[in-house]
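The values are calculated or read from the model by the stated rules, or taken from the named source; none is laboratory data. Quantities reported herein were computed from a predicted structural model and do not represent experimental measurements. With ideal geometry, Cβ positions are generated from the backbone for all residues, glycine too; neighbour counts draw on all protein chains shown. Surface accessibility is based on the protein's heavy atoms, side chains included, excluding ligands, DNA and RNA. Shrake-Rupley method; radii C 1.70, N 1.55, O 1.52, S 1.80 Å.
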Amino acid sequence: MMDEGSDPSVTIAQVVQRLKGTHLHSQLEKQAKECLHRPEIKLESLKDDVRRWLKASGWERKLQNAVYRELHILPPHGHPRAPPEHTKEPLAYMRKAQAGWEKRIMKSLNSMCTELGIPLSRKRPVPEQKELTKKWNEMGTDEPDLSKFRPVYAPKDFLEVLIGLRNPNNDRSEEVTVRSHWGLIQVSLNVCDVSQLRETYPELSFTYGQLGIDDHTHVPPVVSAQDSAAAQQYSRQGCPTGLRAQLWTLILNSYSDPEDLTHYEQLKARVIQHDLLVDNLIYKDVKLTASNDDYYFVFEDYLYQVLLCFSRDTSVLEHFNYDSATPPKSSIHSKSGSEQFSVVYPPNGVIPFHGFSMYVAPLCFLYNEPSKLYSVFKEMYIRYFFRLHSISSHPSGLVSLCLRFERLLQTHLPQLFYHLREIGAQPLRIAFKWIVRAFSGYLSTDQLLLLWDRILGYDSLEIVAVLAAAVFAFRAENLMEVTSLASAEAVLADLSTLKVMPLLQIFLFATAV
Amino acid sequence: MSVEPVSCTIKTPVALQIGDTVSDLSRPGVYITDITLAEPVNIQEISFKNYYTAYLTVRVQQREDGSVKWVTCLRNHCLMANPHAEAGSHDYFSIYRQQMSAKPDNVMTVRLILRQPSSEWLNFNIEEINIYPCVKEDTEWDVPAWLSTLTPVETSLDLNGLPDPETVSSSIQQMWALTEIMQASQNAASIGRFDVDGSYDVKLLSFT
């Protein structure tokens, strides 16, 4: 129902405000000025002629793509009387849980800092800056002593927090009753069933050709039309390997303009200037995860170049407007020592956890220029990945994904779920790590990229939860035979041979409803 | 548009239950809240914060030509699309005059009927209720008498080497126009600095 709150003019004003001052804005102005020399532009119909020319020369399409991108990251429309924290997360008990979790992380980081006697941040002395500039492209060859550092948290720690989430207005007894949910997540969020999923994901059905099953060699017209929205729709059936890089930059509207290149160089300069404790966490994470992975160890240097710059990027702070999380803060003194200023630490507000580098690793197969790799990763983070490590009621948020996975399993494979529950192998304990990483590092890369095509195509992470349930369905026979959590984990330890699209299709469209 | 809400008294919600409210084990699914207004109001908007109410019915008691009557303005307005799930449970809502089936004029009392059919929730309610009156468009603003008696000062000034006020004021006007243009074209792009005067020596994180 259209009420006074959802007036499109407010959205339009917000988008215009955001686009003003961008490189695109100045380019459009320049183009409009230059086209005045053209013979087809007449003084009497100046406005219409300029508009027509901008449309014909493809600039209108670029503007459309930019607006489309802004709509993706605009905070949801709130009621005028709703306070800002309500826009970030409407449920009070989830806000409280998120705040409690953040406090725990901050305490952990502070104690690491005090124990090791290393400041959270310091300015690098000039010789060290020169050294780092020389070694920029081969930071992986460095073997710093990281034994004292430990990851701030691992996904399983976060799982315990989610399991403990309770709505005070809900009556949840521990016994298995008619009303109880068998899984670990005890929160009543709205999650779709298979019949609703069939309506949301019709392009995945058997009647549509899927890339990853039925491969063609033609170049889609979407690429030449340079249309973000059309590319997003196209991606629902998968992207051809050779065109995936182009299509993803089109969908995310993250081109390597000179503006982006300058931005990346600025971030690199900031990495050289200041050394952050968080950098050591990144090094440790890369060494522990990506460097040990058969597919990704070759990209170690790229990962440092992207993640270190990511930590210094203050434009990432914008996503906190629509994320339930709040960036950690600290205070520093001014040069004179008289004033105290509040600053965000790290500058992008994101404290990396164990496995964080796996969000970047698969992208290294698509982009080999660090600045391009960086802008694609950043856009994917502020649209999707941030939802995988915060407590929120959003349909693509981690809590919803876990609940969706459990509900799908309980509804369609009740025997399996009950059996696993009885042997102490709650399915979410096994699937959680897949969901948090959006399957990065668990599936083979070509299959992972086909999954991520659909995340982009449907602009949602829901498909990750559906795939997790589909994997359990696929290995159901073996799982019914196991008698312990360890053996259940062994059955599901190796997913590298799985083919994502057939699994999803069978689960969504061949399950009896 | 900052209209002040009207003052009203909100009574405690009364549960509608079949059977003994004390000994009955099942929780009520319907609550009724009455809001009495200090004087008859033409309602423009009722805004509130939801707390797990699924459906809302609004009835108003109108005073018309000496008699009072009850009228239903809104029947079973859905606040939570799925009564068993969290979506909409904590949201802020506004019910506008245009959405109501009967014109809420000369309203003395507003009765809100809250329904929550799901057994998931222990309690349900609505909070922060505010009722906003219609803004009269033909209000005349009285100009104070002393404003109309002001006349410009015509006496000539003794400049003493200072520049002519006319030229100064015209150049100031130009500067003002420039600042207005600058302000109007302000963009959302940030510079991106995270340090303070080049220093970013962070010791420990602080908890607020």
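For this structure, a couple of remarks:
- Screening region B:79-92 for residues that are closer than 16 Å to B:Ile46 by Cβ and in contact with a Gly (Cβ under 8 Å, 6 or more places away or on another chain) and picking the one that is surrounded by the fewest Cβ atoms within 10 Å (Cβ to Cβ) gives B:Tyr92.
- Tallying residues that are among the small types (Gly, Ala, Ser) and more than 11 Å from chain B (Cβ to nearest Cβ) within region A:41-95 yields 5.
- Hey, A:Met112 within 12 Å of another protein chain (Cβ to nearest Cβ) and touching a Pro at 6+ places or on another chain (Cβ under 8 Å) or not: no
- Residue within region A:414-429 that is open to solvent by 10 Å² or more (accessible area, probe 1.4 Å) and under 30 Å from A:Leu250 (Cα atoms) present: no
- Remark: pairs (first residue in region A:10-21, farther than 12 Å from A:Ile73 by Cβ and within 11 Å of chain B (Cβ to nearest Cβ); second residue at pLDDT 85 or above and in a helix (DSSP H, G or I); Cβ separation under 7 Å; 6+ apart in sequence or on different chains) = A:Leu19/A:His25; A:Leu19/A:Ala66; A:Leu19/A:Glu70.
- Test: residue in region B:23-35 that is basic (Lys, Arg) and out of contact with any Lys or Arg (no Cβ under 9 Å at 6 or more places or on another chain): yes
- The single residue among A:His77, A:His86 that is open to solvent by 50 Å² or more (accessible area, probe 1.4 Å) and either within 15 Å of B:Phe93 (Cβ to Cβ) or not basic (Lys, Arg) (or both) turns out to be A:His77.
- Residue check, A:Val464 in a helix (DSSP H, G or I), more than 22 Å from A:Thr207 (Cβ to Cβ) and touching a helix residue (DSSP H, G or I) at 6+ places or on another chain (Cβ under 6 Å): yes
- Which listed residue is at pLDDT 90 or above and open to solvent by less than 20 Å² (accessible area, probe 1.4 Å), from A:Ser188, A:Ser235: A:Ser235
- Test: residue in region A:22-38 that is within 14 Å of chain B (Cβ to nearest Cβ), without any contact (Cβ under 8 Å) to a residue 40 or more places away in the chain and either of a type in the set (Val, Ile, Thr) or over 19 Å from A:Asp227 (Cα atoms) (or both): yes
- Unmet requirement for A:Glu29, which otherwise passes all of (1) open to solvent by less than 60 Å² (accessible area, probe 1.4 Å); (2) within 28 Å of B:Gln183 (Cβ to Cβ); (3) charged (D, E, K, R): (1)
- From A:Asp279, A:Asp293, A:Asp285, A:Asp260, residue being at pLDDT below 95 and under 17 Å from A:Leu373 (Cα atoms): A:Asp260
- Restricting attention to region A:296-340, the residues that are open to solvent by less than 30 Å² (accessible area, probe 1.4 Å) and assigned to a loop (DSSP other than H, G, I, E, B) add up to 10.
- Any hit, region B:65-84, residues being in contact with a Cys (Cβ under 7 Å, 6 or more places away or on another chain) and aliphatic (A, V, I, L, M): no
Conditions (1) facing chain A (nearest Cβ under 10 Å); (2) open to solvent by 50 Å² or more (accessible area, probe 1.4 Å), marked per residue:
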residue	(1), (2)
B:Trp70	no, yes
B:His77	yes, no
B:Ser94	yes, no
B:Pro104	no, no
B:Gln116	no, no
B:Phe124	yes, no
B:Val135	no, yes
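- Which listed residue is closer than 26 Å to A:Gln64 by Cβ, more than 19 Å from the chain's Cα centre (by Cα) and open to solvent by 50 Å² or more (accessible area, probe 1.4 Å), from A:Leu261, A:Leu243: A:Leu261
- Being within 21 Å of A:Trp182 (Cβ to Cβ), of a type in the set (A, V, I, L, M) and at pLDDT below 95 is a property that does not hold for A:Leu398.
- Residue, surrounded by the most Cβ atoms within 10 Å (Cβ to Cβ), within region A:464-501, restricted to residues that are touching a Gly at 6+ places or on another chain (Cβ under 9 Å) and closer than 25 Å to A:Tyr296 by Cβ: A:Val500
- Filter pass, A:Pro127 being within 21 Å of A:His389 (Cα to Cα), exposed (fewer than 12 other Cβ atoms within 10 Å of the Cβ) and not acidic (Asp, Glu): no
- Taking each residue of region A:120-132 that is within 11 Å of chain B (Cβ to nearest Cβ) and looking for partners that are open to solvent by 90 Å² or more (accessible area, probe 1.4 Å) with beta-carbon atoms closer than 7 Å, six or more apart or interchain, yields A:Leu120/B:Lys203.
Quick grid of which residues meet (1) modelled with pLDDT of 70 or more; (2) open to solvent by 100 Å² or more (accessible area, probe 1.4 Å):
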residue: B:Val168; (1), (2): yes, no
residue: B:Gln173; (1), (2): yes, yes
residue: B:Ile191; (1), (2): no, yes
residue: B:Gly198; (1), (2): yes, no
residue: B:Val202; (1), (2): yes, no
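For every residue, the table says whether it meets (1) in a loop (DSSP other than H, G, I, E, B); (2) modelled with pLDDT under 95; (3) basic (Lys, Arg).
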position	(1), (2), (3)
A:Val343	no, yes, no
A:Phe353	yes, yes, no
A:Met358	no, no, no
A:Phe386	no, no, no
A:His394	yes, yes, no
A:Cys402	no, no, no
A:Leu420	no, no, no
A:Ile435	no, no, no
A:Ser440	yes, no, no
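- Residue tally, condition farther than 25 Å from A:Leu461 by Cα and open to solvent by 50 Å² or more (accessible area, probe 1.4 Å), over region A:89-111: 3
So that you can scan it fast, the table gives a plain yes or no per residue for (1) within 14 Å of chain B (Cβ to nearest Cβ); (2) in contact (Cβ under 8 Å) with a residue 40 or more places away in the chain:
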position: A:Arg312; (1), (2): yes, yes
position: A:Thr326; (1), (2): yes, yes
position: A:Ser330; (1), (2): yes, yes
position: A:Ser338; (1), (2): yes, no
position: A:Pro347; (1), (2): yes, yes
position: A:Pro352; (1), (2): no, yes
position: A:Pro362; (1), (2): no, yes
position: A:Val376; (1), (2): no, yes
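- Hits in region B:34-68 - residues which are among the hydroxyl-bearing types (Ser, Thr, Tyr) and surrounded by fewer than 17 Cβ atoms within 10 Å (Cβ to Cβ): B:Thr36, B:Ser67
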